[in-house]
1. Would you pull out the residues with amide H under 5 Å of C322's amide H, same chain only if 5 or more places away, H placed 1.01 Å from N?
2. Once fully extended, how much extra length lies between S428 and L144, figured as 0.36 nm per residue of separation less the alpha-carbon to alpha-carbon distance?
3. Take R129 and R280, extend 7 Å from each Cα along the Cα→Cβ direction, and tell me the distance between the two endpoints in nm.
4. Arranged from highest to lowest average of other beta-carbon atoms within 10 Å per residue, in what order do the peptides 320-328, 223-231 appear?
5. For region 209-317, go through all pairs of different Cα atoms, get the mean of 1/r, take its inverse, and jot down that Kirkwood value in Å.
6. Using label points projected 7 Å from each Cα along Cα→Cβ, tell me how many nm separate D122 and R304, to one decimal.
7. If R₀ is 51 angstrom, what is the calculated FRET efficiency for the pair R162 and D259, using the beta carbon separation as r and rounding to 0.05?
8. Please list, by residue number, everything in region 405-438 whose backbone N is under 16 Å from a paramagnetic label point 7 Å out along Cα→Cβ of R445.
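No value in this document is a laboratory result; all are computed from the given coordinates. Worth saying up front: this structure is predicted, and the values here are computed from it rather than measured. Neighbour counts are summed over all protein chains in view; Cβ atoms, including those assigned to glycine, are modelled from backbone coordinates with ideal geometry.
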Amino acid sequence: MLGVQTFGPLVPRRAAEAGRAFPVTADVTAPDALAMARTTGTEKDAWVSLLSIPGLGPVTFAALLDAFGSARGVLRAAAEEGGGARLREAIAERDLDAENGIADTDEPSGRPATRRGTLGPDLALRICRCAAEPPAVADRARSLGLGVVTLDDQCYPGRLRRVEMPPPLLFVRGAVDALSARRSVAVVGTRLPTDKGRLIASWIASALARAGAVVVSGLAVGIDGVAHAAVVGEGLSTVAVLGGGHARLFPKAHERLADAIVAAGGAVVAEMPPDTPATRGTFPRRNRLVSGLSDATVVVEAGRRSGALITAGWALEQGRDCFLVPGPFDAPTSAGCHAFLRSFPGQTRVVCGIPELLEDLELAGSDQAFPGGARGGPASQVPTAGPEAALASLGGVERALAELLAAGPASADELARHTSLSVAAILSALTLLELRGLVTGTYGRYAPAGPLARWPGRAGKRPSV
C-alpha cells in the first residue's frame with residue numbers, strides 16, 4: 001500500500017464547522033438522574049458503554065449525542081418504552097447521508113466504510129439492550145488501572161483532535177499528559193529489521209528523546225520495540241499505541257516493555273475496549289493513531305508491503321511531516337522506503353543523518369541529543385542507547401539467556417547447565433532472540449548480535465540463573 005488513504009467528509013457538518021468532531025455534551029439533569037447514575041454510571045461510563053456496542057460508529061454516535069444531549073441521555077431514551085423507535089426517528093431526522101454515513105470500524109484498510117446514515121433495527125436493539133444491562137467495560141478498564149479520555153475532556157491530545165474523525169475515546173495506561181507533549185515524533189518500521197536498522201532506530205529514538213520529544217510507536221516487534229526500548233533506556237517518555245485492547249496486549253513478548261514504558265513516565269494507549277483482540281483490521285487503525293499523535297513520522301526500514309508505510313500514508317493525509325531512512329537499493333528492508341520516497345517526492349524527506357533530522361524537526365537546539373554536545377562528526381559520535389535499551393523488551397527467560405551470553409558464546413547444553421530450564425525451552429528462547437537480531441547461532445553455538453554485541457559488559461564470568 002503506497003497510496004495515501006482518504007476518509008472523505010465523515011464528520012457531521014455542524015460539528016466540523018465548530019472545529020470539533022463531536023458536539024459538546026451537557027450532563028442531562030432529570031428526575032431519574034439518580035437512577036441513571038446507578039444503572040449507567042457517569043457520563044464518561046456511558047460513552048464507554050455506547051462505544052463498545054458492535055456496529056455503532058463515531059458518526060452515528062455523534063448524531064445520537066446531538067439528538068439527546070449526552071450519552072446518558074441516549075441510554076435514558078433507549079431504556080424507555082419504544083426506545084428503539086425513538087432512536088431511529090432521531091437519526092432519521094438528521095441528514096447523515098450528506099456526511100457519508102456511518103463509520104464501519106472493522107475495515108481491513110483501517111478507514112471507515114460508508115453507507116446511508118440510518119440507524120438499523122439491529123443496532124437500535126443493541127443500544128436498548130445496553131441501556132437495560134450496561135456492559136462492564138468501564139469497570140473492566142478501572143480494574144486494569146486504565147484512564148479513559150473522551151473528546152469532551154480538555155486533556156484529549158490536541159494533535160489527535162485535529163485529524164479527521166478522531167477516535168471518540170482513548171484507554172490510557174500511564175501518564176495521560178505524555179500524549180500532549182510539546183513535541184512528539186513517531187518512529188516506525190518493519191517487524192524484521194536488519195541489525196543496522198535496529199541500531200539506527202535506537203540512535204534516532206534516543207536522540208529525539210534527548211532533544212525533548214516524546215517518541216511514539218506501535219509496540220510491535222522490530223523497529224517499534226527498538227525505538228521504545230531505546231527511549232526507556234534513557235529514562236525518558238515514549239508512547240505506545242496498541243493494535244488491540246490493553247487486556248489482550250500484542251505481542252505478549254512486549255508486556256515487560258509496556259511496564260517499563262509506564263514506569264519511565266510514558267503511556268500505553270488504545271482506542272479499543274480492553275478485551276478487544278488485535279486483528280488484521282485493527283492494526284491500520286493503530287497506525288492512524290501513531291501518526292495522529294505525532295508532529296512527524298520517521299520510517300527507519302520498511303519492505304514494500306510493510307505496515308509502516310500505512311503510518312507514513314496517514315502522516316501525509318493528516319498534514320504531518322514524513323521522513324524515511326534510505327538504504328541500499330537492493331535491500332528488501334529498504335524497498336518500501338525507496339518506493340514511498342519515489343511516489344511522493346514533494347511531500348516526503350530523506351533522513352540524511354541524526355543532526356540533520358533534528359534540524360529538520362526544529363529540535364537541533366538541544367546539545368543533549370549528542371554525546372558531549374557534539375554536532376556531527378564521525379560515526380563514533382552518533383548517540384547510542386545503553387544496554388538496558390537492548391534488554392528492556394525481553395521477557396525473563398530471554399533476558400536471562402542474553403545476560404549469560406554476554407560472558408561469551410555458548411551452546412544450548414552449556415546454557416542449560418547454568419539455568420533451571422530445559423534444553424527445549426532454551427532453544428525456543430534462543431530462536432526468539434535470533435528473530436530479533438539479538439543473538440546469532442553458528443554450528444550450535446550462540447553469541448550476542450546487534451546491540452548486544454556492543455555490550456560493554458560482555459567479558460566476565462558467566463553467572464548462574
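1. Under 5 Å from the amide H of C322 lie the amide H atoms of T297, R349, each far enough along the sequence or on another chain.
2. Working: separation 284, 0.36 × 284 = 102.24 nm, distance 3.02 nm.
Here the answer is 99.2 nm.
3. 2.7
4. Values: 320-328: 20.2, 223-231: 31.8.
Packing proxy ranking, top to bottom: 223-231, 320-328.
5. On the way: mean 1/r = 0.0724 Å⁻¹.
Every distinct Cα pair counted, the radius reaches 13.8 Å.
6. 3.8
7. Numbers: r = 31 Å, r/R0 = 0.60.
After rounding to 0.05, the efficiency reads 0.95.
8. Under 16 Å, as judged by backbone N against the label point of R445, lie 405-416 of region 405-438.
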